[in-house]
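Scroll down for the structure; my scribbles are underneath it.
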Amino acid sequence: MEFKHVSVLLSECIEGLAIKPGGIYCDGTAGGAGHSREIAKRLDAARGGRLISIDRDPDAVAVAAERLKDLPATVVKGNYSQMDEILDGLGITGVDGILLDLGVSSFQLDNADRGFSYHADAPLDMRMSREGMSARDVVNTYSAQQLSKVIFEYGEEKFARSIAAGIVKAREQKPIETTLELAEVIKNSVPQKARREKNPCKKTFQAIRIEVNSELEHLSLALDKAFDCLNIGGRLCIISFHSLEDRLVKQRFKTFCTGCICPPDFPVCVCGKKPRGKMITRKPIEAAQQELEANNRSHSAKLRIIEKIEK
């Protein structure tokens with residue numbers, strides 16, 4: 001299957017990174033290399049320009065390597081939460097811009113064999129790296145309490161308890177092996193009204209995917225590491241696709257931009273804390289109408305940008 005992925009908020013990301021031809025940049029989520037290629041095309045290798053493109057998915061790494069082979073880019077298999085180690089291993093002490101396009105790629109969703117979609121039958125997998133614990137493991141080994149917690153916290157699903165109970169009841173008969181088997185259990189575990197309003201599988205599938213790939217844990221680690229890897233004046237651009245990601249990014253950016261934390265009744269600052277970042281986007285950038293019409297997956301995308309001003 002061809003690796004297809006339509007890059008979301010592409011022009012906004014390129015503008016937000018404020019690319020310098022001789023700068024060093026990092027795309028922590030290579031995917032189909034759409035963003036990576038546009039960044040690399042603007043770099044001049046003769047002036048030191050270079051892109052480091054990272055992805056945990058071996059399929060994405062192979063595709064990115066092919067699509068970037070004629071450009072000043074290095075493709076690395078790894079997790080963006082290991083960005084500092086990856087850059088250090090390449091002898092890079094700082095970068096001028098970093099992009100993270102979070103969530104699941106179009107290829108991963110559209111390739112039924114990967115087990116991310118509830119529209120096609122496939123083995124329950126959902127592993128971005130193709131390594132470690134799978135969705136099948138989560139669905140068939142987690143307790144009802146653990147499943148309910150995952151589905152409620154990561155999927156923000158109000159029927160989490162009944163869905164968890166439905167999963168446990170179904171697997172008592174036989175293990176839940178495929179995406180459509182799980183989808184059927186979910187549908188049978190929510191009220192008819194909820195089934196009529198919209199597909200009730202979306203939130204639970206999202207929650208299990210986040211759990212399988214430890215997405216929020218990796219994002220939390222990556223936010224600190226990415227900001228530390230930036231040179232002064234460097235920018236961090238992050239595209240999120242659901243409220244949990246966006247909330248985490250927003251809060252961490254706010255922390256980077258916060259200075260003195262002394263109590264307000266102190267006559268002078270004694271903590272010495274200075275803001276390390278400057279917010280470039282006060283509110284998240286969302287897709288324009290033209291992009292919304294052309295790419296359905298851009299509807300929930302939010303882009304936030306911060307610039308580093310202090311070590």
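Every read-out reported here was derived from the displayed coordinates using simple, explicitly stated rules and does not represent laboratory data. The shown structure was predicted, so the numbers you read here are calculated from the model rather than taken from an experiment. Heads up, the Cβs are rebuilt from the backbone with ideal geometry, glycines too, and the neighbour counts pull from every protein chain shown.
Of all DSSP beta bridges located in the chain, what percent are antiparallel, nearest 5?
Antiparallel bridges make up about 40 percent of those DSSP assigns within the chain.
Give the value in nm², to one decimal: projected area of the alpha carbon convex hull of segment 97-185, averaged over all directions.
It is 6.8 nm².
So for each of 135-142, 251-258 I average, over its residues, the number of other beta carbons within 10 Å; can you give me the resulting order with the highest mean first?
Per-residue Cβ counts within 10 Å, averaged per peptide and sorted highest first, yield 135-142, 251-258.
For segment 1-154, just the Cα set please: Rg and Dmax, both in angstrom.
Looking at segment 1-154, its Cα Rg and Dmax stand at 17.4, 58 Å.
Residue 224 label point, 7 Å along Cα→Cβ, cut-off 16 Å on backbone N: hits in segment 85-100?
85
What does segment 160-202 give for Rg and for Dmax, in Å, if only its C-alpha atoms count?
Looking at segment 160-202, its Cα Rg and Dmax stand at 10.1, 30 Å.
With viscosity set to 0.692 mPa s and temperature to 37 °C, compute the Stokes-Einstein D of segment 207-247, Rh being the Kirkwood radius across alpha carbon pairs; µm²/s, no decimals.
286
What distance in nm separates the two pseudo spin-label positions at residue 289 and residue 199, each 7 Å out from Cα along the beta-carbon direction?
2.8
Enumerate the aspartates and glutamates that residue 193 could reach by cross-link, defined here as Cα to Cα under 20 Å, with residues fewer than 8 away along the same chain left out.
Within reach: 156, 157, 184.
Starting at the first residue of segment 17-27, write each ³J(HN,Hα) from the Karplus equation 6.51 cos²θ - 1.76 cosθ + 1.60 with θ = phi - 60°, in whole Hz, x for Gly and Pro.
The phi angles translate into 6, 6, 5, 9, x, x, x, 10, 10, 9, 9 Hz.
Treating only the Cβ of Lys, Arg, Asp and Glu as charged (+1, +1, -1, -1), what charge dipole size does the chain show about its Cα centre? Round to the nearest 20 debye.
That gives the chain a dipole magnitude of about 840 debye.
Over segment 1-68, what is the mean sequence separation of C-alpha contacts under 8 Å (at least six apart), divided by residue count, expressed as relative contact order in percent? If you can, show how the numbers build up before the last one.
Working: 98 pairs, mean separation 24.4, N = 68.
Relative contact order of segment 1-68: 36 percent.
Would you be so kind as to identify which of 264, 126, 89 lies farthest towards the positive end of the dipole of the chain, taking Lys and Arg as +1 and Asp and Glu as -1 on Cβ and the Cα centre as origin?
Of 264, 126, 89, it is 264.
Using Cα pairs under 8 angstrom and six or more residues apart, how large is the relative contact order of segment 253-311, in percent?
Relative contact order of segment 253-311: 35 percent.
If the only charges are +1 at each Lys and Arg Cβ and -1 at each Asp and Glu Cβ, what is the size of the charge dipole of segment 128-234 around the Cα centre, to the nearest 20 debye?
Computed charge dipole of segment 128-234: roughly 680 debye.
Gap in Å between the Cα centre of segment 223-252 and the Cα centre of segment 84-102?
Cα centres, segment 84-102 to segment 223-252: 13 Å.
Binning at 5 Å from 0, report for segment 70-134 what percent of all alpha-carbon pair distances ends up in each bin.
Over segment 70-134, the share of Cα pairs per 5 Å bin runs 3, 13, 19, 19, 14, 13, 10, 6, 2, 0 percent.
Which links in 77/283; 149/254; 149/198; 20/202; 149/174 stretch past 30 Å when you go from one Cα to the other? The partial results should precede the final answer.
Numbers: 77/283 32 Å; 149/254 28 Å; 149/198 22 Å; 20/202 40 Å; 149/174 23 Å.
The pairs that break the limit, which is 30 Å between Cα atoms, are 77/283; 20/202.
Using only the alpha-carbon atoms of segment 194-311 as identical scatterers, what base-10 log of I(q)/I(0) does the Debye formula give at q = 0.12 Å⁻¹?
Cα-only, vacuum Debye calculation for segment 194-311: -0.59.
Given q = 0.14 Å⁻¹, what are the Debye log10 I(q)/I(0) values for segment 43-92, with equal point scatterers placed on the Cα positions and solvent ignored?
-0.35
Any idea what the relative contact order of the chain is, in percent, if you count C-alpha pairs under 8 Å spaced at least 6 apart?
18
Which percent of Cα pairs goes in each bin when the distances of segment 1-74 are cut into 5 angstrom slices starting at zero?
The percentages, shortest bin first, are 3, 18, 29, 25, 16, 7, 1, 0.
Order the peptides 89-99, 151-161, 275-285 from the highest to the lowest mean number of other Cβ atoms within 10 Å of their residues.
Packing proxy ranking, top to bottom: 151-161, 89-99, 275-285.
Please report, in whole Å, how far the alpha carbons of the chain spread along each principal axis, starting with the longest.
62, 59, 40
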